[in-house]
């Protein structure tokens, strides 16, 4: 399979800025039914990410995003193979990757996007090798 990240990523990315409040972020996530938001600088480069998991702690709605966002964000180029994206997500125990092209956000890839790909292709697991019925010849 030669599927690239660009083939399955979500292109309509909703972003926000560090100065926004947690209350505002919760509203955006609920309204748009998303579980992560990339945090961008004024020039559109990735500063961080905030996920639904970050909001699960008891945090005041008045808290600014910059205080709880993850600053170390893993990104992946849009022309990378999906097997690379899956490996990065698995190895780092994350569910969202920011997709970039020339340092700008062009999409988001989630673990659900990868699952949809598997579901759409209806992969069938092949049976493993079976033992041979031939008797071994020992001399």
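I'd like the FRET efficiency for residue 90 and residue 120, computed as 1/(1 + (r/R0)^6) with the beta carbon distance as r and R0 of 22 Å, rounded to 0.05.
On the way: r = 20 Å, r/R0 = 0.91.
Once rounded, the FRET efficiency stands at 0.65.
Give or take rounding to whole Å, what are the principal axis extents of the alpha carbon atoms in region 19-60, in descending order?
Computed over the Cα atoms, the extents are 30, 20, 15 Å.
Report, to the nearest 10°, how far helix 22-32 tilts away from the longest principal axis of the Cα atoms in the chain, using its own Cα long axis and a range of 0 to 90°.
With rounding to tens, the tilt is 50 degrees.
Expected output is a single nm value to one decimal: the length gained when fully extending between residue 3 and residue 52, i.e. 0.36 nm times separation in residues minus the C-alpha distance. What is it? Mind showing how you got there, number by number?
Values: separation 49, 0.36 × 49 = 17.64 nm, distance 2.79 nm.
Gain in length upon complete extension: 14.9 nm.
The list (i) 1.20; (ii) 1.09; (iii) 0.94 gives values of Rg/Rh (Cα atoms, Kirkwood Rh), and only one came from this structure; which label was calculated from it?
Computed from these coordinates, Rg/Rh (Cα atoms, Kirkwood Rh) corresponds to label (i).
With an 8 Å cut-off on Cα pairs and a minimum separation of 6 or more residues, tell me the relative contact order of region 5-121 in percent.
Relative CO of region 5-121 lands at 32 percent.
Between residue 21 and residue 111, what's the calculated FRET efficiency when r is the beta-carbon distance and R0 is 22 Å? Round to 0.05.
In this case the efficiency is close to 0.20.
Helix-only estimate, please: 222 nm mean residue ellipticity of the chain, summing -39500 (n - 2.57) across DSSP H runs of length 4 or more and dividing by its residues, to the nearest 500.
Dividing the helical sum by the residues of the chain leaves -7500 deg cm²/dmol.
Provide the FRET efficiency to the nearest 0.05 for the residue 32-residue 74 pair, computing r from the beta carbons and using R0 = 25 Å.
After rounding, the FRET efficiency stands at 0.70.
Could you calculate the contour length gain from residue 102 to residue 12, that is, 0.36 nm times the residue separation minus the distance between their Cα atoms, to one decimal place in nm?
Result for the pair: 30.7 nm of gain on full extension.
Values in this text are rule-based calculations from the coordinates and carry no lab data. Keep in mind the model is a prediction, meaning the values are calculated, not measured. Neighbour counts are summed over all protein chains in view; Cβ atoms, including those assigned to glycine, are modelled from backbone coordinates with ideal geometry.
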